[in-house]
Amino acid sequence: MTGDRPPGPDAPSYYGRPVLKTPVWEWKIAAYLFTGGLAAGTAVVAAGADLVRAPRLRRGCWLGSFAALLASVGLLVGDLGRPERFHHMLRVAKPTSPMSVGTWILTAFGPGVGAAAVSELVPARWRSSWPARLLRGLARALGLASAATAPGVATYTAALLSQTAVPGWHEVREELPFLFAGSAAASGGGFGMLTAPPAEARPARVFAAAGAGGELLASRLMERRMGLIREVYEHGTVARRRRASEVLTAAGLAGTVLLAGRSRAGAAASGIALLTGSALQRFGVFEAGVESTRDPRYTVVPQRERLDAARRGSAVGDDVGRPAR
Amino acid sequence: MTATDRTPPPPVDLARRNGYFDPPPRMGFFTDTSVCIGCKACEVACKEWNHVPEDGLDLLGMSMDNTGMLGANSWRHVAFVEQRRPGTAGPEEQTLAVEARLRAAPRGGSELGTTPLPTAPGGAVADLGMPTVGRPGDGTGAETRTDFRWLMESDVCKHCTEAGCLDVCPTGALFRTEFGTVVVQQDICNGCGYCVSGCPYGVIDRRPHDGRAQKCTLCYDRLKGGLTPACAKACPTESIQFGPLDELRERADRRLAELHGQGVAEAELYGRDPDDGVGGHGSLFLLLDVPEVYGLPPAPVVPTRSAPQIWRRVGAAAAAFALAGIGAFASAAFGDHP
Ligand code: SF4
């Protein structure tokens, strides 16, 4: 930020002015990255719990998934410049736009989660009535269908960020889908551990542990492969958030494996650690992108290197850059 | 879709590939900065014709440039660089004074062209020295003249052959016109802001309060009426030339050869090459220095070209996510725990 520009190669610029526009997306989109992942992760746990007959895990996770989904929709619509026109997203299906793809994935995902959650809310004394049983059967099928689209919900957001000119998102496009998938699984599993008793929550623990492990691994790989953009990820707020995320996710992982099977309190603490770690990771990555547009060097230096390499006739640095002719 | 093609089609085919049956030739701009006099008639004419609102009245310290950047409220922007030798930015003290204020702004200075910068705390203004009248070296003889020169460039949307803004637009508001240009339909745009980050040139932006994305339309309404775009019409030196793109490309080549012949070795064309990262521009430029000196990206690539790679990775990650879920419950179902 102001004054604490990290050291690095200098490049000519126009009065130091950014080349790109900083994203107009606000914190709401960062928050959505988390709530969307949470909705997907909990949907998987809920549908699984339905299949293996773990009713409390199922109930908690369908309700959690629905709440996260409602929050997601609110955040997405709220971030629009013209919220009342949100339905214009539905007038086309456009494979070149990850946002359009995501809109349709969410449209496929949403109704089943809604039906499952509503069916969970039917009061106990009405459960044996035929409409409630019909709803239950319907919710079960639709809920499973939603869970089948959940992997798309959990990961398309990586394409959403990466298919931009924003260096902080574009340059990490190889690892970001895995980071987000891990983060979504960790939060979904963590939520299950928080809402269901340990005896029922074993699958949630396995899912959370796999997610947390994946997230930590993807994060490390991402850092190892970064070029100039490393400066952004290793400085200021971005670095602080991601370090905190790593510590919490690692602690949550340890807690999940060692404590959560035995104590409810341990499970809850691990779940909260995983959820917070996941959220911080999303905010860290989001802010890294925003930060990377504020300094023209992150745009100009890699392009200049690629251009000079191409002019010298040596290997072009980026396989999606200028066509090799 | 044109956008994902690796080898872009020849100019005329662009509209045809987008569904037009008998399109007019692809139209564009050729902005020859070597004859720009920095009068800003283009900025003014554009604002007037297109009803582009004020983008902030301010003295930026960027030489004579008080617009700063293209944006939602500036569809033409004249850049000014006071330069001691090619390949350098403006004088360092000038850049340092300006840069500090840009860095402190909410969007790092990229809000210029859309909204003004916040005023410096306490109204402190950097002292850039008094302007002097006369050319450097005047009064002492040519032998003491410095290498000082003044670069001016009228920037505009590049109307890319492979347009990042258009590709990522989820509503279809951004579309390819029959002239091969890229235009936002204002009755469709819902202000999602994706195009702002999809453009590798920092051109398009969302207009505050209005909430929709805004940029140069290459005067789509005027073109439909057979008129020249407002900026080109107003330009007194023909620095901005308008016409069919293949003609402009030839003109640009001729002008470049002419300047090289006159010893202006640093002259280069920007956006001329149909094999570049965006498949070439609809609006070409002749620059007298490297693009970054004008605040332009030297070799941008449309993010869409990474889409296959990105979706492959997303698919793999989604599969891993699904497997983790299935594995977690399979272990519960077949394990001895409930
Ligand atoms: S990507 Fe940017 S420069 Fe290209 S057409 Fe869109 S707004 Fe114009």
Quiz item: B:Asp210 to B:Val35: extension gain in nm, 0.36 nm per residue of separation minus the Cα-Cα distance?
Solution: 59.4 nm
Quiz item: Helices from chain A with mean Kyte-Doolittle at least 1.0 and a Cα length along the axis of 20 Å or more, per DSSP H: which?
Solution: A:27-51, A:176-195
Exercise. With a Förster radius of 51 Å, plug the Cβ-Cβ distance of B:Ala104 and A:Arg56 into 1/(1 + (r/R0)^6) and report the FRET value to the nearest 0.05.
Key: 0.45
Practice problem: Quantify how strongly other chains surround peptide B:62-73 by giving the mean number of their Cβ atoms within 10 Å of each of its Cβ atoms. | Solution: 2
Quiz prompt | Förster radius 35 Å - calculated FRET efficiency between A:Val257 and A:Ala141 (Cβ-Cβ, nearest 0.05) | solution = 0.55
Quiz prompt | Nearest-20 debye value, the stretch A:112-189 charge dipole, Cβ charges on Lys, Arg, Asp, Glu | solution = 700
Quiz item: In sequence order, what are the phi-derived ³J(HN,Hα) couplings for the stretch A:166-174 according to the Karplus relation 6.51 cos²θ - 1.76 cosθ + 1.60 with θ = phi - 60°, rounded to whole Hz, with x for glycine and proline?
Solution: 6, x, x, 9, 5, 6, 9, 5, 6
Quiz prompt | Unit charges on C-beta of K, R, D, E only; dipole of the protein assembly as shown, Debye | solution = 3060
Quiz item: Could you state the number of Å between the C-alpha centres of the stretch B:290-322 and the stretch A:178-198?
Solution: 29
Practice problem: Return the calculated 222 nm mean residue ellipticity for the protein assembly as shown, to the nearest 500 deg cm²/dmol, obtained by summing -39500 (n - 2.57) across DSSP H runs with n ≥ 4 and dividing by the residue count. | Solution: -16000 deg cm²/dmol
Quiz item: Comparing A:Gly81, A:Gly284, A:Gly189, which has the greatest mean-square fluctuation in the GNM of chain A with Cα pairs linked when under 10 Å apart?
Solution: A:Gly81
Exercise. Within the set of other residues whose C-beta is less than 11 Å from the C-beta of B:Arg16, count the net charge using Lys and Arg as +1 and Asp and Glu as -1.
Key: 0
Self-check item: For residues of A:50-62, the mean tally of beta carbons on other chains within 10 Å
Solution: 1
Exercise. Please sort A:202-211, A:55-64 by packing, taking for each peptide the average over its residues of neighbouring beta carbons within 10 angstrom, highest first.
Key: A:202-211, A:55-64
Practice problem: Go through the stretch B:151-163 residue by residue and turn each phi into a ³J(HN,Hα) via Karplus (6.51, -1.76, 1.60, θ = phi - 60°); whole Hz please, and just put x for glycine and proline. | Solution: 9, 10, 8, 8, 8, 7, 4, 7, 6, 4, 5, 10, 8
Quiz item: Hey, rough spin-label estimate for B:Glu266 and B:Asp22, points 7 angstrom out along Cα→Cβ, what's it come to in nanometres?
Solution: 5.0
Quiz item: What aspartates and glutamates could a cross-link reach from A:Lys94, if we take a straight Cα to Cα line under 14 Å and drop same-chain neighbours fewer than 8 places away?
Solution: B:Asp167
Self-check item: Greater than 18 Å apart at Cα, pairs in A:Lys28/B:Lys215; B:Lys40/B:Lys233; B:Lys47/B:Lys233; A:Lys21/B:Lys158; B:Lys158/B:Lys215
Solution: A:Lys28/B:Lys215
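Quick note: the coordinates plus some simple rules give every number you see, no bench work behind them. Here the structure is a predicted model, which is why all the values come from computation and not from measurement. Neighbour counts run over all protein chains shown; Cβ positions are idealised from the backbone, glycine included.
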